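Working notes for the structure below.
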Ligand SMILES: Cc1ncc(C[n+]2csc(CCOP(=O)(O)OP(=O)(O)O)c2C)c(N)n1
């Protein structure tokens, strides 16, 4: 069938359409997004909820000259479809296809690269300030969700925007949902704003009344303004945005295209910082289950039936609940991701000991530090990539004071389709440099359970545990939990020519690689490193004193990683050993299926074996040191 969508090559084409055609187009956009994303997986709910906002913005503003800055960017699928990427849309999140997020290198319409929340107002304000300095009349529109607005940096930006008074439109896309239901005092405040018909009516009445006063003079205008202000203060608790220097408009129905377009047309010609509050429905048009805890936030492509092992996330969540039953000092903290981090189960079992702080990783860490000061055992569950944002809090508030905060870093390693914004590959580097930290990584779900128990029993300082996205390896789990000796590795297999020292997710690929090497006649041992810090110095020094090659393997950046720690140890002890460090090189890894990513960076059994075999062959027999 002839679709309007197929005629849209650029946003300017929208100007030719009537309102009823735009409404038809909104239905086509939804259909296209649902059809594609249910196959590829991706962020469905946010994009469906933002369809009318997207259409209205591109109808009224003049991108790419005007800049549209999406917060998080997971709601920008409609934007991609309207900005010349319709033909590639089916490749979204696939290897060498479109990114799931706005990306400057992908399109001139993607004004700012994004995926971590809360950045839009800061970036948009920077652009608006640049335009002002350059005398440009380009406009800037930021679109931020009610979840994104819980980020500290969003408020830092509002604070400066209200002060600088540059022309900036912030559209607050309020659907009352973050990934899960949005929580916190700010969310309650926004709900109050959206349920205040009395104020809207009174405000209307005042202006209507004024309209009837012939040629109202300055004094009457001023009096009316005062009446309006006092009504607001009486009926709207806070008027927070106006006090921060923004003109507040709304709330409007973010699905009423006509209303959104006419509001934007009006606002486009207003100066200064403006906040437009639009109320939308997350997942609009998608038949998500009414019980859905995430409003179709993200959907996965059809599951692989072979993968029956439980997800690491799930094992973490249920083990935490199990430990908490016996230990009332255990509390859990998440930054807006109860389901993603597996702490949802804990929230249900122990609601009084569970804290969803909003998208506020920095606060989460220092909040945990305070809890630890007073003898609680805070398990701070944050994805590896999102903890990056709280580095200073981790260093200054936790490590420096040697507080026993327990960091649980899910999605450590390559994450697949979400791509470089979400890979958890820097955590070893950013945690390893901090004195007092213990850092560990389990080889399977059973070891994860013991490591969690070890964390709970460890009181000497901060301790972090990193594990990968996805399923465990399918081992059976011990019922009784036990403490693992801090800094002790686990030898798994003996070999004379090579020892693979694998960390966490790389231990099993190392075991498989050892078999492949053995088949080629290269005798290979494997050690499960378990700890990045402290290292099992005794064992590593002993391994290094043997003839043959010592190979470290980690799913993280090589720079400042686990291999670097081993190399530093050997350098400090003046041990002259042959070592090879396998990890991720100095580059960002594109989105693709994890299997493709692992192969491309050399972290599969086959690629590890090939690399090691090459090294052994090229070095032997010259560099092979005689045994002591
Ligand atoms: C710093 C950071 N922490 C966590 C996340 C994970 N995350 C992705 S989307 C999202 C919720 C965003 O909610 P909102 O801004 O209201 O947008 P909506 O999905 O409702 O449109 C979260 C927590 C993130 N992207 N960035």
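The values are calculated or read from the model by the stated rules, or taken from the named source; none is laboratory data. A quick note: this is a predicted structure, and the numbers were derived from the prediction, not measured. Every residue, glycine as well, gets a Cβ built from its backbone with ideal geometry; the counts of neighbours run over all protein chains shown.
The condition of being within 16 Å of residue 310 (Cβ to Cβ) and in contact with a helix residue (DSSP H, G or I) (Cβ under 7 Å, 6 or more places away or on another chain) holds for only one of 434, 484, 448, 465, that being 448.
Screening segment 264-286 for residues that are on the phi < 0 side of the Ramachandran plot and out of contact with any helix residue (DSSP H, G or I) (no Cβ under 8 Å at 6 or more places or on another chain) and picking the one that is nearest to the ligand (Cβ to nearest atom) gives 267.
The selection criterion, being outside the structural domain of residue 591 (by TED's automatic domain parsing) and under 30 Å from residue 600 (Cα atoms), does not hold for residue 353.
All of (1) touching a residue at least 40 places away in the same chain (Cβ under 8 Å); (2) closer than 24 Å to residue 300 by Cα; (3) more than 15 Å from the ligand (Cβ to nearest atom) hold for residue 98 with one exception: (1).
Candidates in segment 425-451 are the residues that are within 22 Å of residue 475 (Cβ to Cβ) and in contact with a strand residue (DSSP E or B) (Cβ under 7 Å, 6 or more places away or on another chain); of these, the one that is surrounded by the most Cβ atoms within 10 Å (Cβ to Cβ) is 441. Considering segment 86-103 alone, what residues qualify as being out of contact with any strand residue (DSSP E or B) (no Cβ under 8 Å at 6 or more places or on another chain) and either surrounded by fewer than 20 Cβ atoms within 10 Å (Cβ to Cβ) or under 23 Å from residue 6 (Cβ atoms) (or both)? Once the filter is applied, which keeps residues that are out of contact with any strand residue (DSSP E or B) (no Cβ under 8 Å at 6 or more places or on another chain) and either surrounded by fewer than 20 Cβ atoms within 10 Å (Cβ to Cβ) or under 23 Å from residue 6 (Cβ atoms) (or both), segment 86-103 yields 86, 87, 88, 89, 90, 91, 94, 95, 96, 97, 98, 99.
Tell me the helices (runs of 4 or more DSSP H) entirely within segment 530-628 that contain at least 1 residues that are under 27 Å from residue 460 (Cα atoms).
On the way: elements: 537-545, 562-572, 594-601, 605-619.
It comes to 537-545, 562-572.
Taking the listed residues 5, 29, 25, 17, the one that is surrounded by 15 or more Cβ atoms within 10 Å (Cβ to Cβ) and over 34 Å from the mean Cα position of the chain (by Cα) is 17, with no other qualifying. Under the condition of being at pLDDT below 90 and in contact with a strand residue (DSSP E or B) (Cβ under 8 Å, 6 or more places away or on another chain), which residue from segment 598-623 is surrounded by the most Cβ atoms within 10 Å (Cβ to Cβ)? Among those that are at pLDDT below 90 and in contact with a strand residue (DSSP E or B) (Cβ under 8 Å, 6 or more places away or on another chain), it is 619. Filtering segment 227-241 for residues that are in contact with a helix residue (DSSP H, G or I) (Cβ under 9 Å, 6 or more places away or on another chain), closer than 30 Å to residue 44 by Cα, at pLDDT below 95 and surrounded by 13 or more Cβ atoms within 10 Å (Cβ to Cβ) leaves a non-empty set.
If you go through segment 35-54, how many residues are away from the ligand (no atom under 16 Å from the Cβ) and touching a residue at least 40 places away in the same chain (Cβ under 8 Å)? Spell out how you get there, then give the answer.
Step one: of segment 35-54, the residues away from the ligand (no atom under 16 Å from the Cβ) are 35-36, 38-40.
Next, only the ones that are touching a residue at least 40 places away in the same chain (Cβ under 8 Å) stay: 36, 38-40.
Of the residues in segment 35-54, 4 are away from the ligand (no atom under 16 Å from the Cβ) and touching a residue at least 40 places away in the same chain (Cβ under 8 Å).
Please go through segment 101-111 and pick out each residue that is more than 14 Å from the ligand (Cβ to nearest atom) and under 12 Å from residue 68 (Cβ atoms). Before the answer, list the steps.
Here is the first cut: in segment 101-111, the residues more than 14 Å from the ligand (Cβ to nearest atom) are 103-111.
Within segment 101-111, 107, 108, 109, 110, 111 qualify.
Pick out the one residue from 439, 428 that is assigned to a strand (DSSP E or B), outside the structural domain of residue 534 (by TED's automatic domain parsing) and touching a helix residue (DSSP H, G or I) at 6+ places or on another chain (Cβ under 7 Å). I'd like the intermediate steps shown before the answer.
Working: 428 fails: assigned to a strand (DSSP E or B).
Result of the check over 439, 428: 439.
Quick check: is even one residue across segment 46-64 surrounded by fewer than 18 Cβ atoms within 10 Å (Cβ to Cβ) and modelled with pLDDT of 95 or more? Yes: segment 46-64 contains one or more residues that are surrounded by fewer than 18 Cβ atoms within 10 Å (Cβ to Cβ) and modelled with pLDDT of 95 or more.
Of the listed requirements (1) away from the ligand (no atom under 13 Å from the Cβ); (2) part of a loop (DSSP other than H, G, I, E, B); (3) buried (at least 24 other Cβ atoms within 10 Å of the Cβ), residue 141 misses just one: (2).
Selection of segment 465-495 for residues being surrounded by fewer than 18 Cβ atoms within 10 Å (Cβ to Cβ) and under 18 Å from residue 553 (Cα atoms) yields 473, 487, 488, 490, 491, 492, 493, 494, 495.
State the number of residues belonging to segment 128-141 that are over 8 Å from residue 67 (Cα atoms) and either outside the structural domain of residue 57 (by TED's automatic domain parsing) or touching a residue at least 40 places away in the same chain (Cβ under 8 Å) (or both). Total meeting the criteria: 1.
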